[in-house]
Amino acid sequence: MKIAVIIGSTRATRFADKPAAWLRGIVSQRTDAEYEFVDLRDYPMPFFDEVASNLWAPTQNEVALRWQQKIAEFDGYIFLTAEYNHAPTGVLKNALDYAYVEWNKKPAAFVGYGSVGAARAIEQLRQIAVELQMAPIRTGVHIQGADFFGAWQAGAALEDMAHLQPGVQSMLDELHWWASALKTAREATAVS
């Protein structure tokens with residue numbers, strides 16, 4: 001089983017690298033799946049400018065095609081997101097729009113950060129995931145308030161925030177269950 005951790009911010013001064021490193025340490029201890037970190041910086045797609053979604057028309061942009069091929073490799077996704085003006089980052093929304101069939105029938109989990117732990121952005125991402133025929137899981141991880149500001153401005157280590165651990169482990173357990181169940185269903189449907 002392969003799970004992508006998609007880093008959803010590309011800003012030069014992004015905070016995303018801290019929670020990405022923290023997650024990398026956590027998932028490296030798990031043996032239930034192979035986790036790969038996929039950085040949107042490596043896929044500099046223009047604003048969506050195709051004839052239609054790749055459900056209806058082949059994508060023309062070479063970077064977007066490379067993006068589609070990469071995300072098609074995975075059985076599930078963890079979206080690491082900031083919250084900009086009560087919404088997910090524009091670059092993450094754009095990346096979601098540049099694919100369709102690759103997301104279908106796979107689970108999505110969310111780790112957010114910001115003053116409210118990206119809760120509003122994650123709620124929007126859950127709706128987008130449903131439209132892309134993904135299965136958003138219940139448990140998310142929200143690095144918020146004092147935790148976020150402590151890590152961002154005061155250099156506190158997320159690894160030292162033990163109260164975040166149960167949520168991360170629950171999220172990963174749920175994601176694995178859904179990824180396994182949906183992979184079995186996709187394989188059964190492909191055979192029949």
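Among the residues of the stretch 163-184, those identified as open to solvent by 50 Å² or more (accessible area, probe 1.4 Å) and farther than 18 Å from Arg30 by Cβ are His163, Thr184. Could you list, in sequence order, all residues of the stretch 18-49 that are among the aliphatic types (A, V, I, L, M), within 26 Å of Ala157 (Cβ to Cβ) and in contact with a helix residue (DSSP H, G or I) (Cβ under 9 Å, 6 or more places away or on another chain)? Ala21, Leu23, Ile26, Val27, Ala33, Val38, Leu40, listed by residue number. Taken over the stretch 15-47, the criterion of being under 16 Å from the mean Cα position of the chain (by Cα) and in a loop (DSSP other than H, G, I, E, B) is satisfied by Phe15, Ala16, Ala33, Tyr43.
Evaluate the stretch 92-115: report whether one residue or more is part of a loop (DSSP other than H, G, I, E, B), touching a helix residue (DSSP H, G or I) at 6+ places or on another chain (Cβ under 8 Å) and more than 22 Å from Ala52 (Cβ to Cβ). Yes.
Are any of the residues in the stretch 55-66 touching a residue at least 12 places away in the same chain (Cβ under 8 Å), under 15 Å from the mean Cα position of the chain (by Cα) and surrounded by 18 or more Cβ atoms within 10 Å (Cβ to Cβ)? No, every residue in the stretch 55-66 fails to be touching a residue at least 12 places away in the same chain (Cβ under 8 Å), under 15 Å from the mean Cα position of the chain (by Cα) and surrounded by 18 or more Cβ atoms within 10 Å (Cβ to Cβ).
Residues of the stretch 71-102 that are touching a Lys or Arg at 6+ places or on another chain (Cβ under 9 Å), closer than 19 Å to Phe37 by Cα and open to solvent by 30 Å² or more (accessible area, probe 1.4 Å): Glu73, Val91.
The values are calculated or read from the model by the stated rules, or taken from the named source; none is laboratory data. Quantities reported herein were computed from a predicted structural model and do not represent experimental measurements. Note that each Cβ is placed from the backbone with ideal geometry, even for glycine, and that neighbours are counted across all protein chains shown. Heads up: the accessible areas ignore ligands, DNA and RNA and are worked out on the full protein's heavy atoms, side chains in. Shrake-Rupley method; radii C 1.70, N 1.55, O 1.52, S 1.80 Å.
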